[in-house]
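This report concerns only the one structure given below.
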Amino acid sequence: MTDAAELRQRTRDLLAEHPPATTDRLDFLRARFDAGLAWVHYPVGLGGLDAPRALQAVVDAELTAAGAPGNDPRRIGIGLGMAAPTLLAYGSDEVKARFLRPLWTGEEVWCQLFSEPGAGSDLAALGTRAVRDDATGDWTVDGQKVWTSSAHTARWAILIARTDPDLPKHRGITYFVCDMTDPGVEVRPLRQITGEAEFNEVFLTGVRIPDAHRLGETGDGWRVAQTTLMNERVSIGGARIPREGGMIGKAAAVWRDRPELRTHALHRRLLDLWVDAEVARFTGERLRQQLVAGQPGPEGSAMKLAFARLNQAISGLEVELLADDGLLYDDWTMRRPELVDFTGREAGYRYLRSKGNSIEGGTSEVLLNIVAERVLGLPPEPRNDKDVPWKDLAR
């Protein structure tokens, strides 16, 4: 088994063969992937070395010390955190070989075609249809998706569609990889309260998907989607940040830089939130350690839930700390950004954008049910539609 010493030497060999100061960024990332140092716990030939996940820190430390370039998780987070684990778990060898390398290097951006206007938080009630051509075995997809981050920049999408309306809603769903450049894909911006159109609605009209781009068995898409959803909640709520990093760091900086704005009540609230942020940070570290042993579980839903609540509380406090200055906003211009930058903008942006944290990646209400039933073991809520054919529900 690969150990820390071997990984350290492999990383130094990579740096010697491809000096960061003189190597093109993309060329370096490709070489890193080919050397198995992208995600060391992935299989050999797919950017990894079948090494323990925890040893990724050894590689990252060596590369950071050498000033080596990295990919941008903010821009390709959906690919890294959601698409890649699903491709690895359910994709064919050809699919994994085709998609994982450009996904990791950032050459191809991914988006997620899950949510629909008529399904709301009940994802399994989706109505987008995929019909198989008996002659070719390929699929034709028609429907609409909504709240799709990065659809305007994405090359590929992970997609779930209904393939058998005669089955109950959690069955008869199939999971696909969709080509966003297909002429049947139309992406329209959704302008948000921040002024930006970071999200999109996507219309699918006669989109052709080869059967080779199906992940998992036909009709087993709900089970495949659970891999995506569990990883999504970990990637949203469990990102690694340093002490006093992220949103709490911004609020603390205002407290230190603007003593004239301080009050005893605001100080108490800041201390409470600082402690909560530290608890969340350590909980995230513990969750990542659990990931070393296997796939994420429902605990990721609790982390994502805490992340949303904490972000909204901290951003609200920051606006109050700034008093009149907290009402300022730099730019309401309609634009379609490539990434979300919470800490690179002003307090007003953080306050407005954090409202979406309790919706994206699973609403807080849905996550509370998951935590109650799957973490705490409480009795599930009655679900009268569980065994009813989807076509009867859709009437």
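Which of the helices (runs of 4 or more DSSP H) found entirely inside region 331-395 contain at least 2 residues meeting this: among the β-branched types (Val, Ile, Thr)?
Those helices (runs of 4 or more DSSP H) span 364-370.
Could you tell me whether residue 310 is at pLDDT below 80, assigned to a helix (DSSP H, G or I) and surrounded by 12 or more Cβ atoms within 10 Å (Cβ to Cβ)?
no
Give me the pairs, please: first residue somewhere in region 362-376 and within 17 Å of residue 227 (Cα to Cα), second residue anywhere and among the basic types (Lys, Arg) and modelled with pLDDT of 80 or more, beta-carbon distance under 9 Å, and either six or more positions apart or on two chains.
That search, which allows pairs on different chains as well, returns 362/304; 367/304.
Kindly evaluate residue 68 against the criterion of being touching a helix residue (DSSP H, G or I) at 6+ places or on another chain (Cβ under 7 Å), surrounded by 15 or more Cβ atoms within 10 Å (Cβ to Cβ) and of a type in the set (A, V, I, L, M, F, W, C).
Here the answer is yes, as residue 68 does meet what is asked.
Which of the numbered conditions does residue 118 fail, given that it passes all the others? Conditions: (1) surrounded by fewer than 22 Cβ atoms within 10 Å (Cβ to Cβ); (2) touching a helix residue (DSSP H, G or I) at 6+ places or on another chain (Cβ under 7 Å).
(2)
Which condition number in (1) at pLDDT 95 or above; (2) closer than 30 Å to residue 374 by Cα; (3) surrounded by fewer than 22 Cβ atoms within 10 Å (Cβ to Cβ) is the one that residue 125 fails?
Checking residue 125 against (1) at pLDDT 95 or above; (2) closer than 30 Å to residue 374 by Cα; (3) surrounded by fewer than 22 Cβ atoms within 10 Å (Cβ to Cβ), the one that fails is (1).
Tell me which residues, restricted to region 128-143, are buried (at least 19 other Cβ atoms within 10 Å of the Cβ) and assigned to a strand (DSSP E or B).
130, 139, 141, 143 - these are the residues of region 128-143 that are buried (at least 19 other Cβ atoms within 10 Å of the Cβ) and assigned to a strand (DSSP E or B).
Which of the helices (runs of 4 or more DSSP H) found entirely inside region 1-116 contain at least 1 residues meeting this: under 22 Å from the mean Cα position of the chain (by Cα), at pLDDT below 95 and under 30 Å from residue 161 (Cβ atoms)?
Result: 73-78, 84-90.
The values are calculated or read from the model by the stated rules, or taken from the named source; none is laboratory data. In this text the structure is predicted, and so the values were computed from the model without any measurement. Here the Cβ is made from the backbone with ideal geometry for all residues, glycine too, and neighbour counts use every protein chain on show.
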